[in-house]
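Below is one structure; the comments refer to it alone.
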Amino acid sequence: MSGANAAQGKTATNQEIVALAGGVGGARLAHGLYLALADAPAVGGATNDPTDQQTDGQLRLTVISNTADDFDLYGLRICPDADTVLYTLAGLANEATGWGITGDTFTTLDQFARLGEDAWFWLGDRDLATHILRTQRLRAGASLTEVMRGFGQALGVRADLLPMSDDPVATRIQTVDGELAFQEYFVRRQQADAVLGVRFAGIEQARLPAATRAAILRAGAIIFCPSNPFVSVAPILAVAGMQTALRAAAAPVVAVSPIVGGQALKGPAAAMLASLGHEVSAYGVAALYVARYPGLIHGFVLDQADEALAPRIAALGLRTLVTGAIMRDTAARERLARETLAFAQSLQAQAAATKVGAEAPGAERPGSPL
């Protein structure tokens with residue numbers, strides 16, 4: 001399926017969209033979806049206020065963020081992936097770095113250094129306000145769901161920003177030097193270690209929040225953003241009840257490749273694929289998803305540079321969309337989002353047609369592709 005004619009005109013307005021996101025690539029496609037759905041009124045006439053849960057209508061877009069990157073620093077609860085989504089959708093993100101707030105200052109961090117602290121994790125002054133208030137609200141008894149929704153509302157984000165779980169989960173990276181906390185590996189050691197394994201501490205106790213589950217079950221389409229499959233998508237899918245909810249949703253699930261031309265556009269996904277024994281390509285990502293989560297994903301989006309891989313991916317049982325998957329600017333984000341949504345809608349239409357055919361008198365009854 002070509003991306004050239006995958007999306008025409010405005011995005012359909014009769015569906016809710018759920019995106020699973022982690023990292024910069026995830027936040028950028030979530031932003032594209034946000035822009036693509038900006039002209040769509042909320043289902044049932046809701047106000048698009050994420051705290052307004054009493055109306056019959058619902059929000060157009062829900063972003064479920066990876067929270068296994070979360071950690072404590074200087075006595076504060078830091079949520080890197082959730083904050084990147086928040087700042088990006090609010091129009092505050094530093095596009096040059098992919099993290100933090102544009103134009104932020106680092107006076108507090110400079111003073112930490114003067115006082116002898118190894119200030120290895122960069123936190124801007126405005127960014128610190130987010131962490132201080134989040135920590136205060138969590139200690140006062142608020143759930144992470146409530147805190148994230150409150151921040152989104154305060155910054156004018158007209159989407160529902162939700163965590164994968166309200167319970168703490170921590171990604172641990174296994175290396176030749178032993179097990180490292182994720183931010184130690186990712187930021188302090190600059191992803192220099194070969195990754196031999198990944199585990200999620202606390203995942204056994206992590207529960208799926210009711211709001212997150214409800215959003216999934218309402219979805220008309222579910223998008224796996226181009227996030228690292230090992231440390232961004234995998235922890236989300238590891239939460240008890242998450243895959244069950246995704247499979248129960250009457251919605252196509254479409255994954256977007258984070259690998260283009262054998263390289264990760266940002267982050268260590270390509271290096272992790274190699275060190276963990278997978279093909280470093282869009283096919284490698286698709287094959288990983290199919291092997292780990294059989295039948296969960298229905299469609300896969302890959303860049304034009306990888307068009308030759310489309311038949312191999314289709315042989316895995318996935319429908320494919322080949323298009324420009326590099327989000328160089330805001331326009332590219334929105335275009336990719338629109339094409340991905342149109343692709344998801346085409347999968348839904350195909351599934352509906354298959355169901356009608358299967359239910360016709362005398363027809364064979366193969367399983368629905370969804």
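The values are calculated or read from the model by the stated rules, or taken from the named source; none is laboratory data. This is a predicted model, so every value here is computed, not measured. Here the Cβ positions follow ideal geometry from the backbone for every residue, glycine too, while neighbour counts run over all protein chains shown.
Please give the number of the condition F112 fails out of (1) more than 23 Å from G23 (Cα to Cα); (2) buried (at least 16 other Cβ atoms within 10 Å of the Cβ).
Checking F112 against (1) more than 23 Å from G23 (Cα to Cα); (2) buried (at least 16 other Cβ atoms within 10 Å of the Cβ), the one that fails is (2).
Got a number for residues in the range 86-111 being within 13 Å of T130 (Cα to Cα) and β-branched (V, I, T)?
Start the filter on the range 86-111 by keeping residues that are within 13 Å of T130 (Cα to Cα), which leaves 86-87, 92, 100-101, 104.
Retained after the next criterion (residues that are β-branched (V, I, T)): 101.
Going through the range 86-111 one residue at a time, the tally reaches 1.
Could you check D306 against (1) surrounded by 15 or more Cβ atoms within 10 Å (Cβ to Cβ); (2) not hydroxyl-bearing (S, T, Y); (3) not in a helix (DSSP H, G or I) and say which number it fails?
Only one criterion is unmet by D306, namely (3).
So which of T175, T107 is over 18 Å from D70 (Cα atoms), surrounded by 14 or more Cβ atoms within 10 Å (Cβ to Cβ), at pLDDT 95 or above and more than 19 Å from the chain's Cα centre (by Cα)? Please lay out each step first, then the result.
Working: T107 fails: surrounded by 14 or more Cβ atoms within 10 Å (Cβ to Cβ).
Exactly one of T175, T107 is over 18 Å from D70 (Cα atoms), surrounded by 14 or more Cβ atoms within 10 Å (Cβ to Cβ), at pLDDT 95 or above and more than 19 Å from the chain's Cα centre (by Cα), namely T175.
From the set of residues in the range 316-351 that are part of a helix (DSSP H, G or I) and exposed (fewer than 13 other Cβ atoms within 10 Å of the Cβ), which is modelled with the lowest pLDDT? Before the answer, list the steps.
Step one: of the range 316-351, the residues part of a helix (DSSP H, G or I) are 330-351.
Okay, now just the ones that are also exposed (fewer than 13 other Cβ atoms within 10 Å of the Cβ), so 331, 349.
Details: A331: 96, A349: 84.
Out of the qualifying residues, it is A349.
Right, V157: touching a residue at least 12 places away in the same chain (Cβ under 8 Å), assigned to a helix (DSSP H, G or I), under 25 Å from the mean Cα position of the chain (by Cα) and surrounded by 15 or more Cβ atoms within 10 Å (Cβ to Cβ) or not? Before you say what the answer is, go through the steps one by one.
On the way: touching a residue at least 12 places away in the same chain (Cβ under 8 Å): yes; assigned to a helix (DSSP H, G or I): no; under 25 Å from the mean Cα position of the chain (by Cα): yes; surrounded by 15 or more Cβ atoms within 10 Å (Cβ to Cβ): yes.
No; evaluated as a whole, the condition is false for this residue.
Inspect the range 233-246 for any residue being touching a residue at least 24 places away in the same chain (Cβ under 8 Å) and within 15 Å of V24 (Cβ to Cβ) and give the result as yes or no. First the steps, then the outcome.
Start the filter on the range 233-246 by keeping residues that are touching a residue at least 24 places away in the same chain (Cβ under 8 Å), which leaves 233-243, 245-246.
Filter once more, so that each one left must be within 15 Å of V24 (Cβ to Cβ): 233.
Yes, some residue in the range 233-246 is touching a residue at least 24 places away in the same chain (Cβ under 8 Å) and within 15 Å of V24 (Cβ to Cβ).
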